[in-house]
Amino acid sequence: SQMDLIIGYVMRNGNRVSLRARLIGGSSLSSTQQSVAFLEYGVPLRLPVSRLRTPGRVYGRVVDAASGRGVPGALVRLGPQVAITDADGGVAFGGVPGGEHRLSMSQETSLAQAVFIGDPTVRVDSTRPQPTTFTLTIAQGARLDVDARRFAVARTAMAGAQDSLVDAGPLSNATLLLAGERDTLYRTTLADGKASFSDIPPGRWVVSIRGDAPAFHRFDPDRMEVTLAPGETRG
């Protein structure tokens, strides 16, 4: 047979004295095995605790725009800190200084030539205990090739016949604008009249020429709208 006993007493200062005993009966047991007693003296530890509040905490996730899945193993930079996304694309920062910080990401990811969709700016309030959250959506960049040419009037010298246009060569040193909802990109045509826009976020863009046309010329068309898909190359 076995019996467990406990007797406790709480003192005025909050300390506690307890007597614990275990009595075991049986003719086959020795006298040292038939009873065990412990005297305990407990002192409570009063440690002030509170909810963990670390300022400048930022939690985010990097998502592939095409599949909607998280991008693992991406090196993300936020202010002075860098972190690597987990298997679900999640990333965490701590102690980020207050203010606006622009997110950047290493190109060494599973998504080559990745570009941001939306505003990659994160606003951190270091006085708030609640963490700042963000979702960074990336996609494969598009490319747009532009060829600017000059055309001249070819006179037919025939009565009643309409004049025609002939290619008069490239239009060099022309400033091209590619305007989107958030960014405006600039390029200057080379000697062959060509210019290329690369690493363009997919979406709707407007390409136009900045400045005045040469004497006795006009731009036609003066602007053109294009919608680019992820990874698309258009000329």
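Points worth noting:
- Nearest-0.05 FRET efficiency for GLN81 and ARG128, computed from C-beta distance (R0 25 Å): 0.90
- Legend: residues MET105, MET11, MET3, sorted from most to least accessible area (1.4 Å probe; ligands, DNA and RNA excluded), read MET3, MET11, MET105.
- Exposure here means at most 14 other Cβ atoms within 10 Å; with GluC sites (Glu not before Pro) in a DSSP loop as sites, the longest stretch of the chain lacking them is 1-107.
- Amide H contacts of ARG57 (H built 1.01 Å from N, in plane; Pro and chain starts excluded): GLY95, VAL96, THR132 sit under 5 Å, all sequence-distant by 5 or more or on other chains.
- The chain - charge dipole about Cα centre, Lys and Arg +1 at Cβ, Asp and Glu -1, debye rounded to 20: 1240
- Computed from backbone phi with θ = phi - 60° and the Karplus coefficients 6.51, -1.76 and 1.60, the 3J(HN,Hα) list for segment 188-202 is 10, 5, 7, 4, 8, x, 10, 8, 10, 10, 10, 6, 8, x, x Hz; x is used for glycine and proline.
- Difference of contour (0.36 nm per residue) and Cα-Cα distance, ARG218 to ALA152: 22.7 nm
- Accessible area ranking (1.4 Å probe, heavy atoms, ligands and nucleic acids excluded), largest first, for ARG210, ARG20: ARG210, ARG20.
- The alpha carbons of the chain occupy a box of 137, 42, 26 Å along the principal axes, longest dimension given first.
- To the nearest 10, the accessible area of ARG149 is 90 Å² with a 1.4 Å probe.
- Simple label model, 7 Å out from Cα along Cβ direction - SER35 to THR227, nm: 9.2
- Residues of the chain: accessible area per residue with a 1.4 Å probe, Å²: 67
- Under a Gaussian network description of the chain, with springs only between Cα atoms under 10 Å, the residue in GLY94, GLY42, GLY180 that fluctuates furthest is GLY42.
The values are calculated or read from the model by the stated rules, or taken from the named source; none is laboratory data. Given the structure is predicted, the values throughout are model-derived calculations rather than measurements. Cβ coordinates were reconstructed from backbone atoms using ideal geometry, including for glycine residues, and neighbour counts include every protein chain displayed. Please note that ligands, DNA and RNA were not included when accessible areas were found on the heavy atoms of the full protein model with its side chains. Shrake-Rupley method; radii C 1.70, N 1.55, O 1.52, S 1.80 Å.
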